[in-house]
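Note sheet for the following structure.
What follows is calculated from the coordinates using simple rules that are stated; it is not laboratory data. The structure presented is a predicted model; accordingly, all values stated were derived computationally and were not measured. Ideal geometry is used to build each Cβ from the backbone, glycine not excepted, and the neighbour counts take in all protein chains shown.
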Amino acid sequence: MKNLASLMKQATQMQAKMEAMQSTLEGISIEGAAGAGMVTVVLSGKGDMRSIKIDPSLADPAEMEMLQDLIVAACADARRKLDERAAEEMQKVTGGLNLPAGLKLPF
């Protein structure tokens with residue numbers, strides 16, 4: 001019974017750490033770029049777009065398709081960086097414990 005109580009205490013501590021990590025991630029901004037920085041996108045830690053900057057030279061109507069593609073690429077770059085940051089934060093919380101893919105904590 002002592003082991004179960006210890007396990008429950010560890011689970012509670014991990015849940016508190018997870019909540020703190022989520023709060024940390026909510027407060028960060030991640031910038032992604034495309035087209036050598038001609039398009040930049042800033043995402044919140046939850047993945048919501050906060051801002052977008054577009055080099056004025058891309059506003060040519062003949063270049064709209066390229067501009068649209070660059071926006072998509074910049075968003076993808078920012079999302080990839082956000083996922084990497086979230087994984088780093090998760091490693092800090094779990095202490096390198098390899099959890100099964102798709103396991104969502106807290107339970």
Every residue from region 22-40 that is within 17 Å of residue 81 (Cα to Cα) and within 13 Å of the chain's Cα centre (by Cα): 22, 24, 25, 26, 27, 28, 29, 30, 31, 32
Out of the residues in region 30-63 meeting the condition of being out of contact with any helix residue (DSSP H, G or I) (no Cβ under 8 Å at 6 or more places or on another chain) and hydroxyl-bearing (Ser, Thr, Tyr), tell me which one is nearest to residue 77 (Cα to Cα). 51
Could you please give the count of residues in region 1-28 that are under 30 Å from residue 52 (Cα atoms) and exposed (fewer than 10 other Cβ atoms within 10 Å of the Cβ)? 1
Starting from region 29-57, keep only residues that are surrounded by 12 or more Cβ atoms within 10 Å (Cβ to Cβ), then list their pairs with residues that are of a type in the set (Val, Ile, Thr) and in a loop (DSSP other than H, G, I, E, B) whose Cβ atoms are within a distance under 9 Å, requiring at least 6 positions of separation or different chains. 44/28; 45/28
